[in-house]
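As structure tokens, the structure follows; a few thoughts come after it.
The values are calculated or read from the model by the stated rules, or taken from the named source; none is laboratory data. Only a predicted model underlies this, so the values are computations on that prediction, with no experimental measurement involved. FYI the Cβ positions are ideal-geometry reconstructions off the backbone, even for glycines, and counts take in every protein chain you see. Ligands, DNA and RNA are stripped out before the accessible areas are found, and what is left, the full protein with its side chains, is counted by its heavy atoms. Shrake-Rupley method; radii C 1.70, N 1.55, O 1.52, S 1.80 Å.
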Amino acid sequence: MSDPRTADDIAQIFSTAGDSVTLINTDTTKGSNETEQEWKDRIKCNVEHLEGVKAYKKADGTTSLWTTEDFTAIDAAITAGKARIA
């Protein structure tokens with residue numbers, strides 16, 4: 001079964017994950033217009049997004065979508081985000 005996502009689609013998914021990495025890495029304290037819980041929920045949402053991106057599978061449901069992508073920054077952001085909301 002061929003995956004319907006093109007190489008450009010996959011690159012876009014990976015690139016968009018960078019937005020969550022940036023948010024987690026730069027948003028280290030709550031904003032003045034939000035509660036502590038709202039801030040933690042926002043970080044948690046982005047951590048969960050990154051975990052979901054890492055888990056993407058091809059159309060066969062078993063093969064990882066990813067091939068040579070470097071997940072170093074994503075893994076570090078997941079770790080930092082989880083530590084921040086613990």
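For this structure, a couple of remarks:
- Scanning the stretch 59-74 turns up one or more residues that are in contact with a helix residue (DSSP H, G or I) (Cβ under 8 Å, 6 or more places away or on another chain), of a type in the set (Val, Ile, Thr) and either open to solvent by 80 Å² or more (accessible area, probe 1.4 Å) or part of a helix (DSSP H, G or I) (or both).
- Test: residue in the stretch 45-58 that is charged (D, E, K, R), over 10 Å from the mean Cα position of the chain (by Cα) and in a loop (DSSP other than H, G, I, E, B): yes
- Candidate set from the stretch 3-37 (those that are among the charged types (D, E, K, R) and open to solvent by less than 60 Å² (accessible area, probe 1.4 Å)); member that is nearest to residue 63 (Cα to Cα): 3
- Checked against the criterion of being in a helix (DSSP H, G or I), without any contact (Cβ under 8 Å) to a residue 12 or more places away in the chain and within 18 Å of residue 86 (Cβ to Cβ), the stretch 18-30 contains not a single residue that satisfies it.
- Test for residue 82: is it in contact with an Asp or Glu (Cβ under 9 Å, 6 or more places away or on another chain), under 22 Å from residue 15 (Cα atoms) and open to solvent by 70 Å² or more (accessible area, probe 1.4 Å): no
- Cβ pairs under 6 Å, 6+ apart, first in the stretch 1-16 and within 17 Å of residue 54 (Cα to Cα), second open to solvent by less than 70 Å² (accessible area, probe 1.4 Å) and not in a helix (DSSP H, G or I): 3/59; 14/69
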